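Undergrad: Here it is, the structure, as structure tokens.
The values are calculated or read from the model by the stated rules, or taken from the named source; none is laboratory data. This is a predicted model, so every value here is computed, not measured. Heads up, the Cβs are rebuilt from the backbone with ideal geometry, glycines too, and the neighbour counts pull from every protein chain shown.
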Amino acid sequence: MQLRYNFRLYPTPGQCGSLARAFGCARVVFNDGLRARQDARENGLPYISDGELSIRVITQAKKTPERAWLGEVSAVVLQQALADLNTAYRNFFASVTGKRKGPKAAAPRFRSRKDNRQAIRFTKNARFAVTAGGKLRLPKIGDVPVRWSRELPAEPSSVTVVKDAAGRYFASFVVETSDEPLPESATEVGIDLGLSHFAVTSDGRKVDNPRFLRRAERRLRKAQQDLSRKAKGSANRAKARAKVAKAHARVADARRDRAHRLSTQIIRENQAVYVENLAVSGLGRTRLAKSVHDAGWSQFVGMLEYKAARYGRHFARIDRWFPSSKLCSTPGCGHIDDTMPLNVRSWKCPQCGTVHDRDVNAAKNILAAGRVDRLNACGARVRPGPAPAQREEAGSLRGAAWRGTG
């Protein structure tokens, strides 16, 4: 399994200038390649192959006065910029022809020097290295100080240097890691995600929703107001923009850190983890969009999935139309209530008389559905098709979601 390990970089002012040149050269090569292919298409010419494009926008371009400065940076950086362009085209063609699953991929777009994120990539061909003193040696940039928070488990195959909107530099190493199975656990858990609680587990645990963005709104609002009062193009506006970006970065860092901690704890404690397959993209277009994005469900579920694969745990998503909230979780009952508005936080089953907490009941049903979805000893499915849920049950709304730590 390939994983990324990110570390903070602290380049010197001179190295910042070298990195800025590398960012600019990679951006120019990407845009030149995109423009060449667009011109060929508009003129009815054949699609320019990857090799021919490299010769045209890198090898031959370096010999011209207009692009002679491309030789000031590592050639690997330029080649990787073209590799990103080629990957973008392949994804676009596969999406158009239906070979690529998921959301439709748009055609490549030109990169701007005003983009919030700038990045360059070095592969093994560039001969980057970690020095004995713990610095990252990059060709034509120098030895950049690194804040190591942990050791790399293996030799990295590539490193991407990123500058984010807050002006921070990071080194992202791609490392091939082996699976590290944890000792088997006898427990399994179902997780119901929501907004009132970030997560509710089938054993009754409720994890509070920290609402990092909501808690930082006052600071963000003040920083944004200061930015709006600065003259466009001024140095003070650039400083104010960086202040806004740093405030947002703190929110994102806190949310990601908590998701890592919670997902690691759940994977360590449980042999199997089941979650509901929420339609986050759809919920992100409702009046609850800010709260949905602030919760970070997709990030958390993605962490659960890859950590389960790495540590030998079972992970599965339950169909989003499964009526987890309306179904009585009492063994042997199986009653499905006709309607259950989102303001109903607890309900009594009319068939068996059990009083259910809405979110805990949903988590128990997710656990039960996940268990029967697994293959039996003969390899056959043992669960019938999913029962249709009411329209409002497609996702969790404010006040109806689970409370969790994530």
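Undergrad: Please go through region 195-239 and give me each residue that is in contact (Cβ under 8 Å) with a residue 12 or more places away in the chain and at positive phi, ordered by number.
TA: Once the filter is applied, which keeps residues that are in contact (Cβ under 8 Å) with a residue 12 or more places away in the chain and at positive phi, region 195-239 yields Gly204, Arg211.
Undergrad: Being modelled with pLDDT of 90 or more, over 29 Å from Gly167 (Cβ atoms) and touching a helix residue (DSSP H, G or I) at 6+ places or on another chain (Cβ under 9 Å) is the requirement here; does Val273 meet it? It would help to see each step written out before you state the result.
TA: On the way: modelled with pLDDT of 90 or more: yes; over 29 Å from Gly167 (Cβ atoms): yes; touching a helix residue (DSSP H, G or I) at 6+ places or on another chain (Cβ under 9 Å): yes.
So Val273 fits the description; yes.
Undergrad: Go through (1) touching a helix residue (DSSP H, G or I) at 6+ places or on another chain (Cβ under 9 Å); (2) of a type outside the set (Lys, Arg); (3) farther than 20 Å from Leu3 by Cα one by one and return the number of the condition Thr177 breaks.
TA: Condition (3) is where Thr177 drops out.
Undergrad: Can you tell which of Ser172, Ser202 is more than 24 Å from the chain's Cα centre (by Cα) and of a type in the set (S, T, N, Q)? Step through it out loud before you land on a result.
TA: Values: Ser172 fails: more than 24 Å from the chain's Cα centre (by Cα).
After ruling out the rest, the residue left standing is Ser202.
Undergrad: Taking the stated definitions as given, is His248 outside the structural domain of Pro323 (by TED's automatic domain parsing) and either at negative phi or assigned to a helix (DSSP H, G or I) (or both)?
TA: Details: outside the structural domain of Pro323 (by TED's automatic domain parsing): yes; either at negative phi or assigned to a helix (DSSP H, G or I) (or both): yes.
It is true that His248 is outside the structural domain of Pro323 (by TED's automatic domain parsing) and either at negative phi or assigned to a helix (DSSP H, G or I) (or both).
Undergrad: If you check Ala20 against the conditions, is it within 28 Å of Lys104 (Cα to Cα) and either in contact (Cβ under 8 Å) with a residue 60 or more places away in the chain or surrounded by 12 or more Cβ atoms within 10 Å (Cβ to Cβ) (or both)? If you could, list the steps in order and put the result at the bottom.
TA: Numbers: within 28 Å of Lys104 (Cα to Cα): no; either in contact (Cβ under 8 Å) with a residue 60 or more places away in the chain or surrounded by 12 or more Cβ atoms within 10 Å (Cβ to Cβ) (or both): yes.
Spelling it out, it is not the case that Ala20 is within 28 Å of Lys104 (Cα to Cα) and either in contact (Cβ under 8 Å) with a residue 60 or more places away in the chain or surrounded by 12 or more Cβ atoms within 10 Å (Cβ to Cβ) (or both).
Undergrad: Okay, next question. If you scan region 184-223, which residues turn out to be among the acidic types (Asp, Glu) and either assigned to a loop (DSSP other than H, G, I, E, B) or under 21 Å from Ala242 (Cβ atoms) (or both)?
TA: To start, the set of residues in region 184-223 that are among the acidic types (Asp, Glu) comprises 184, 188, 192, 203, 208, 217.
Scanning region 184-223 gives Glu184, Asp203, Glu217.
Undergrad: Another question, if that's okay. Applying the selection to region 162-179, what residues are touching a Ser or Thr at 6+ places or on another chain (Cβ under 7 Å), more than 11 Å from Leu9 (Cβ to Cβ) and surrounded by 14 or more Cβ atoms within 10 Å (Cβ to Cβ)?
TA: Here is the first cut: in region 162-179, the residues touching a Ser or Thr at 6+ places or on another chain (Cβ under 7 Å) are 162, 172, 174, 176.
The next check asks that each one be more than 11 Å from Leu9 (Cβ to Cβ); those that pass are 174, 176.
Selection gives Val174 alone.
Undergrad: Still on this structure, I have one more. Can you find, within region 163-183, the residue that is nearest to Lys364 (Cα to Cα) among those that are aliphatic (A, V, I, L, M) and assigned to a loop (DSSP other than H, G, I, E, B)? Reasoning before the result, please.
TA: Pass one, region 163-183, residues aliphatic (A, V, I, L, M): 165-166, 171, 174-175, 182.
Within this subset, residues satisfying the condition of being assigned to a loop (DSSP other than H, G, I, E, B) are 165-166, 182.
On the way: Ala165: 42, Ala166: 42, Leu182: 24 Å.
Here the residue is Leu182.
Undergrad: Which ones in region 126-138 are surrounded by fewer than 17 Cβ atoms within 10 Å (Cβ to Cβ) and in contact with a Ser or Thr (Cβ under 7 Å, 6 or more places away or on another chain)?
TA: The answer is Arg137, and nothing else.
Undergrad: Filter region 110-139 for residues that are over 27 Å from the mean Cα position of the chain (by Cα) and in a loop (DSSP other than H, G, I, E, B); which is nearest to Arg21 (Cα to Cα)?
TA: Pro139
Undergrad: Out of region 140-161, which residues are surrounded by 16 or more Cβ atoms within 10 Å (Cβ to Cβ), in a strand (DSSP E or B) and in contact (Cβ under 8 Å) with a residue 60 or more places away in the chain?
TA: The answer is Val144, Val146, Val161.
Undergrad: Restricting the search to region 32-78, which residues are aromatic (Phe, Trp, Tyr) and out of contact with any Cys (no Cβ under 9 Å at 6 or more places or on another chain)?
TA: Residues of region 32-78 that are aromatic (Phe, Trp, Tyr), as a first pass: 47, 69.
Passing the criteria: only Tyr47.
Undergrad: Considering only region 260-288, state which residues are part of a helix (DSSP H, G or I) and farther than 19 Å from Pro103 by Cα. Explain how you work it out, then say what you get.
TA: Here is the first cut: in region 260-288, the ones part of a helix (DSSP H, G or I) are 260-269, 280-283.
His260, Arg261, Leu262, Ser263, Thr264, Gln265, Ile266, Ile267, Arg268, Glu269, listed by residue number.
Undergrad: While we're looking at this one, here's another question. Go through (1) under 18 Å from Ala223 (Cβ atoms); (2) β-branched (Val, Ile, Thr); (3) under 19 Å from the mean Cα position of the chain (by Cα) and name the single condition Val280 misses.
TA: The one condition Val280 does not meet is (1).
Undergrad: Which residue, of Arg358, Arg320, is touching a strand residue (DSSP E or B) at 6+ places or on another chain (Cβ under 7 Å), surrounded by 17 or more Cβ atoms within 10 Å (Cβ to Cβ), in the same structural domain as Ser196 (by TED's automatic domain parsing) and touching a residue at least 24 places away in the same chain (Cβ under 8 Å)?
TA: Numbers: Arg320 fails: surrounded by 17 or more Cβ atoms within 10 Å (Cβ to Cβ).
Arg358 is the lone residue from the list that is touching a strand residue (DSSP E or B) at 6+ places or on another chain (Cβ under 7 Å), surrounded by 17 or more Cβ atoms within 10 Å (Cβ to Cβ), in the same structural domain as Ser196 (by TED's automatic domain parsing) and touching a residue at least 24 places away in the same chain (Cβ under 8 Å).
Undergrad: Still on this structure, please answer the following. Can you name every residue in region 261-286 that is surrounded by fewer than 20 Cβ atoms within 10 Å (Cβ to Cβ) and in contact with an Asp or Glu (Cβ under 7 Å, 6 or more places away or on another chain)?
TA: Residues satisfying the conditions are Gln271, Ala272, Asn277.
Undergrad: Which members of region 324-337 meet the condition of being without any contact (Cβ under 8 Å) to a residue 40 or more places away in the chain, surrounded by fewer than 19 Cβ atoms within 10 Å (Cβ to Cβ) and under 37 Å from the mean Cα position of the chain (by Cα)?
TA: Residues satisfying the conditions are Thr330, Gly334, Asp337.
Undergrad: Can I ask one more? Restricting the first residue to region 96-125 and requiring it to be surrounded by fewer than 12 Cβ atoms within 10 Å (Cβ to Cβ), which pairs with a second residue that is part of a loop (DSSP other than H, G, I, E, B) meet a Cβ separation below 8 Å and a spacing of at least six or different chains?
TA: Matching pairs, first to second residue: Arg117/Asp164; Arg117/Ala165.
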